[in-house]
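The structure appears right after this line, and notes come after that.
Just so it is clear, none of the values below were taken in a lab; they were calculated from the coordinates. Here the structure is a predicted model, which is why all the values come from computation and not from measurement. Positions of Cβ are generated from backbone atoms using ideal geometry, with glycine treated the same way; all protein chains shown enter the neighbour counts.
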Amino acid sequence: MSDKVAVLGPKGTFSESAALKIYPGAPLEYFDDIEDVFRYAEAGKGPGVVAIENSLEGSVGNNLESLMRYDVKITGEAVLDIRLYLMAKKGVTKDKIKVILSHPHVFGQCREYLSKNYPNAVRQASTSTAEAIREASSRDDAAAVGYRSAGLLYGLTVLAEGVQDTESQTRFVSISKDAGEGKKTSLIFAVKDEPGALYSILKLFSDACLNLTKIESRPSRKKLGEYVFFLDYENKGMPAGEREMLHRKIIERTTYFKDLGSY
């Protein structure tokens, strides 16, 4: 088993910062594909850190779906304040920029700024903000939007700071093959196709005086009109046996259920 923490690379991503917040001083293993982070954790090689939601753009759909597909548990979380910078290779000025590089979610966070200041520039998606910055470091016609420290790492010059349309935060979670323990629990489930199905589950939490901190539906990707629900609740340190009893009651009312762990 590795002692490294898997993150989306290259160096300088927001995932890297989140990983060091959850695991201070830990060595990191960088992957070009976020799916490899999930595979690394599922194989028991070590923990991984992935983004799951942003306060402006909402959930990171692919990562939520990967939590369903891979045999991993959530073991921790970190929230980062996101401040975005527009950066380019030294000597590249605004009039030379034909392409803006960044992660798709980041484009959503600075849509107004880019539309106003670079209406004719092509927006080119990258696998991460750091990858966008790395590519921009070798181009004379491009700029990248991302983390300032990553720009400095690759020798870019800051053209504009605070380019996000409004202040935002991104939530990251650590994932592992082994379960943890904590005050919050995350679940995924699909309800039966019958009246009051979702209400009957939510009532279980209400009756137990448990606070829900997140509930979101997403298409099941199996058929039109079928959804799965992602739910977080504060377990108030309730014993594992009581949580298991609650989960058994939920299972009785669902067609799919996965306990993502407590953290």
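Calculated on the Cα set of the chain, radius of gyration then Dmax: 20.4, 63 Å. Note on the chain: helix-only mean residue ellipticity at 222 nm, from DSSP H runs of 4+ residues weighted -39500 (n - 2.57) and normalised by residue number, equals -8000 deg cm²/dmol. In a DSSP loop and with at most 13 other Cβ atoms within 10 Å, the trypsin sites (Lys or Arg not before Pro) in segment 36-134 are ARG83, LYS90. By the gyration tensor of its Cα atoms, with a ≥ b ≥ c the square roots of the eigenvalues, what is the shape of segment 85-163: rounded for a/c under 1.5, prolate for a/b over b/c, or oblate? The shape class here is rounded. Under 10 Å, Cα contacts only: if you run a Gaussian network model on the chain, which one of SER174, SER55, SER17 comes out with the highest mean-square fluctuation? Answer for the Gaussian network model of the chain: SER55.
Counted as membrane-span-like here are DSSP H helices of the chain whose alpha-carbon atoms extend 20 Å or more along the helix's own axis and whose Kyte-Doolittle mean is 1.0 or above; there are none. Backbone N atoms of segment 36-69 closer than 13 Å to the 7 Å Cα→Cβ label point of TYR256 belong to residues 64-69. Residue pairs exceeding 19 angstrom between C-alpha atoms, taken from LYS45/LYS214; LYS90/LYS116; LYS73/LYS214; LYS4/LYS258; LYS45/LYS236; LYS73/LYS249: LYS45/LYS214; LYS90/LYS116; LYS4/LYS258; LYS45/LYS236; LYS73/LYS249.
Residues whose amide H lies under 5 Å from that of GLY180, counting only those 5 or more places away or on a different chain, are SER262; hydrogens are built 1.01 Å from N in the peptide plane.
From the Cα gyration tensor of segment 175-237, with a ≥ b ≥ c the square roots of its eigenvalues, which class applies: rounded if a/c is under 1.5, or else prolate if a/b is larger than b/c, or else oblate? Cα axes put segment 175-237 in the oblate bin. I'd like the antiparallel share, as a percent to the nearest 5, of DSSP beta bridges with both residues in segment 68-175. In segment 68-175, DSSP labels about 70 percent of beta bridges as antiparallel. Across segment 85-163, Cα pairs under 8 Å and at least six residues apart give a relative contact order of 50 percent.
Near LEU156, once Lys and Arg are set to +1 and Asp and Glu to -1 for all other residues with Cβ below 15 Å from its Cβ, the sum equals +3.
Taking the Cα centre of the chain as origin, work out the dipole magnitude from +1 charges on Lys and Arg Cβ and -1 charges on Asp and Glu Cβ, in debye rounded to 20. About 280 debye. Reported to the nearest whole Å, the Cα centre-to-centre distance from segment 154-195 to segment 31-107 is 9. Each label was represented as a point 7 Å from its Cα along the Cα-to-Cβ direction; for THR157 and ASN62 these points are 3.3 nm apart. Taking 0.36 nm per residue of sequence separation and removing the Cα-Cα distance, the GLN169/SER149 pair yields an extension gain of 5.5 nm.
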